1. Pairs please, first residue from segment 136-150 and polar (S, T, N, Q), second anywhere and crowded, with 17+ Cβ neighbours inside 10 Å, Cβ atoms under 7 Å, 6+ apart in sequence or on different chains.
2. Could you list, in sequence order, the residues of segment 167-191 that are assigned to a helix (DSSP H, G or I), aliphatic (A, V, I, L, M) and in contact (Cβ under 8 Å) with a residue 24 or more places away in the chain?
3. Which of the residues spanning segment 83-102 are in a loop (DSSP other than H, G, I, E, B) and more than 27 Å from the chain's Cα centre (by Cα)?
4. Determine whether segment 69-91 contains at least one residue that is closer than 13 Å to ILE152 by Cβ, at pLDDT 95 or above, surrounded by 10 or more Cβ atoms within 10 Å (Cβ to Cβ) and of a type in the set (S, T, N, Q).
5. For segment 182-207, which residues satisfy the criterion of being of a type in the set (Ser, Thr, Tyr) and surrounded by 11 or more Cβ atoms within 10 Å (Cβ to Cβ)?
6. For segment 154-205, which positions are closer than 16 Å to TYR144 by Cα and of a type outside the set (A, V, I, L, M, F, W, C)?
7. Which of the residues belonging to segment 149-164 are surrounded by fewer than 20 Cβ atoms within 10 Å (Cβ to Cβ) and of a type in the set (A, V, I, L, M, F, W, C)?
8. I'm trying to understand the selection: among the residues of segment 103-147, which are acidic (Asp, Glu), assigned to a helix (DSSP H, G or I) and in contact with a strand residue (DSSP E or B) (Cβ under 8 Å, 6 or more places away or on another chain)?
Amino acid sequence: MDLALCSLIPTFSSLSFSSNISSKTTQTLSISRSRLFSDAFPLRKSLSHSAIVASSSSMAAASISAVPYLEGMSLEKYVKSRLPGGFAAQKIIGTGRRKCAIARVVLQEGTGKFVINYRDAKEYLQGNPLWLQYIRTPLVTLGYETNYDVFIKAHGGGLSGQAQAISLGIARALLKMSENHRAPLRKEGLLTRDSRVVERKKVGLKKARKAPQYSKR
C-alpha cells in the first residue's frame with residue numbers, strides 16, 4: 001500500500017504543476033488580449049473621428065461649390081447688385097438680333113458665368129449643347145471664357161434665335177472693349193448680322209410657297 005502511494009505522489013505533483021502552467025498561460029493570454037484591445041481602441045476611435053471630420057468637410061465643400069456666388073441671395077438680387085443702375089447704365093454693352101429675338105448683353109470682369117433673364121444660362125437654354133455653344137463662342141475665340149461674367153436680357157422669338165442674338169451681342173460688346181478684337185471675331189463670322197427671317201404667307205397658298213394640291217378634274 002505504501003509503495004502504491006509513493007508511486008502516485010509524483011503523478012499528482014506533475015498534474016498540479018501542469019494545472020499551474022495552464023492557469024498562468026490563460027492569465028497571460030487574457031492580459032495580452034486586453035492590452036491589444038486597449039491599444040487598438042484609441043486608434044479605432046481616432047480613425048472614426050478623422051473619418052467623420054473628413055466626411056463633414058467634404059459635405060460642406062460640396063454645399064459651397066453648388067452655389068458659389070449667391071451667398072443666400074436670389075439670382076435677380078445678385079444681378080442687380082452687380083449692375084447698379086440697370087443694363088442701360090453699364091459701359092460694356094452690346095445688342096444682338098436674330099429673327100424676332102433681341103438680346104442686350106453686359107460684360108463684367110468675373111469667372112465666366114452666364115445669366116439670362118435672371119436665370120442660369122444652362123437652365124434657361126434647357127441644357128441644349130448647341131445653344132450653349134452659340135453663347136460661348138465669342139469669348140472662347142478670344143480666350144476670355146473665364147475672364148468675364150455675361151449678363152443678358154433677351155426677349156422675342158424662340159430659344160434658338162435668342163441664343164444666336166446673344167452671340168452677336170457678346171461679339172459687339174467685345175468689339176467695344178478693343179478694336180483689336182475685330183479681326184478674330186470677323187474671321188469666325190461672329191460680327192455678321194444674320195438677316196434671314198421667315199418668309200410671309202401668301203394669299204391662296206398654304207404657307208410662303210406651299211400651294212394646295214392641284215386637281216385637274
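1. Cβ pairs passing all conditions: THR137/SER167; THR137/LEU190; THR141/LEU185; THR141/LEU190.
2. LEU168, ILE170, ALA171, ALA173, LEU174, LEU175, MET177, LEU185
3. Selection gives PRO84, GLY85, GLY86, GLN90, LYS91, ILE92, LYS99, CYS100.
4. No: segment 69-91 contains no residue that is closer than 13 Å to ILE152 by Cβ, at pLDDT 95 or above, surrounded by 10 or more Cβ atoms within 10 Å (Cβ to Cβ) and of a type in the set (S, T, N, Q).
5. THR192 - this is the single residue of segment 182-207 that is of a type in the set (Ser, Thr, Tyr) and surrounded by 11 or more Cβ atoms within 10 Å (Cβ to Cβ).
6. Listed by number, the residues that qualify are SER167, GLY169, ARG172, LYS176, SER178, GLU179, ASN180, HIS181, ARG182, PRO184, GLU188.
7. Matches in segment 149-164: LEU159 only.
8. Within segment 103-147, none qualify.
The values are calculated or read from the model by the stated rules, or taken from the named source; none is laboratory data. Bear in mind that the values here come from a model prediction, so they are computed numbers and not experimental data. Heads up, the Cβs are rebuilt from the backbone with ideal geometry, glycines too, and the neighbour counts pull from every protein chain shown.
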